[in-house]
1. Just tell me which aspartates and glutamates come within less than 12 Å, Cα to Cα, of residue 205; anything on the same chain fewer than 8 places away is out.
2. Quick one: net charge of residue 186's neighbours, Cβ under 9 Å, K/R +1, D/E -1?
3. Once amide H atoms are built 1.01 Å from N in the peptide plane, which residues 5 or more positions from residue 153, or in another chain, come under 5 Å H to H?
4. From the Cα trace of the chain, what convex hull volume per residue do you get, rounded to a whole Å³?
5. Round to the nearest 10 and give me the degree value, 0 to 90, for the angle of helix 183-211's Cα axis relative to the longest principal axis of the chain.
6. Let me check against my output: what whole-number percent is the relative contact order of region 258-319, with C-alpha pairs under 8 Å and at least 6 apart?
7. Leaving out ligands, DNA and RNA, and with a 1.4 Å probe, what % of the accessible surface on region 181-322 is carbon or sulfur?
8. For residue 210, list the lysines whose Cα falls under 29 Å from its own Cα; do not include residues on the same chain fewer than 8 positions away.
Amino acid sequence: MTSESAVSTRPTMSSTPSKGDYHWLRSFVAGGVAGCCAKTTIAPLDRVKILLQAQNPHYKHLGVISTLRAVPKKEGFLGLYKGNGAMMVRIFPYGAIQFMAFDKYKKLLSKQMGISGHIHRLIAGSMAVFSGMTAVICTYPLDVIRARLAFQVKGDHRYTGIANAFHTIYLKEGGVLGFYRGLTPTLIGMAPYAGLSFFTFGTLKSLGLKHFPELLGRPSSDNPDVLILKTHVNLLCGGVAGAIAQTASYPLDVARRRMQLGAVLPDSEKCVSLIKTLKYVYNTFGVKKGLYRGLSLNYIRCVPSQAVAFTTYEFMKQVLHLN
């Protein structure tokens, strides 16, 4: 039995899947489902993070736990999921492309270029970002809409829904360019985040299956010759990977959110570029209460998010016979 991280040496009929088995499509669907499941799991935490990052006047005096309690009281339980519909539309193609590209690049680096070991996971994860950038650019307006909807509070609404938000931003904030505020920190932060995330998960997975195969691994349901991590171990490895990657890229995430919110914030004129936003946040709020405000919540949200994403993807690979 071999671990999934190892390159198989068994002879195969062909080095590429046949056209009829739609391997790429199944891989795409697996990644998309993984992304949607992960984001839905942490949607309430995501909303609270946006409220805290941008210093929402209704909740800025509260901490993480108190905000989680206050939102349902003020806006009802569904208030925790504001903007999640727009996120689902956006995250499916992004998650699908990123996971699919990572697998493709990992195989390319290993089989065609002879690059193996831990470093090929880091390179593959970062290379997958370039494919993901296309999905991000195409779906970025939905991320802006999601942030705007998540930031507004019951009784203080600027937008009535997704369509109204699109219409309002287009008319009042410079047309199409109004939907791309904060794109720069998003693209800059993608490479280190995805690279570290995939690298950490792949390394932990490889080491676990290599040194503790019986304790941490089990045969894949669709291919008994392939050893995969047990579900709870998968969750743990994915969580650790997410925590490390988020820490490295968090200030860029804060800048992105403030730029996305644009005219919604009273100090929006000071957040028109990445450098100006970072300087303004640092000078006004400092490091802990500015650049890293909400980081403790981010650890809480990124651990289950990455854990669910990687675990769902591993599960979907078995369901769709991708192992």
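The values are calculated or read from the model by the stated rules, or taken from the named source; none is laboratory data. Just so you know, these numbers come straight off a predicted model, no measurement behind them. All Cβ positions, even for glycine, are placed from backbone atoms using ideal geometry, and neighbour counts span all protein chains on display. The accessibility values were calculated without ligands, DNA or RNA, using every heavy atom of the protein model including side chains. Shrake-Rupley method; radii C 1.70, N 1.55, O 1.52, S 1.80 Å.
1. The reachable aspartates and glutamates, counting only those whose Cα sits under 12 Å from residue 205, are 4, 314.
2. Value of the local net charge: -1.
3. HN-HN under 5 Å from residue 153: empty list.
4. That works out to 141 Å³ per residue.
5. Tilt relative to the chain: about 40 degrees.
6. Across region 258-319, relative contact order equals 16 percent.
7. 67
8. Reachable lysines: 104, 106, 107, 111, 230, 317.
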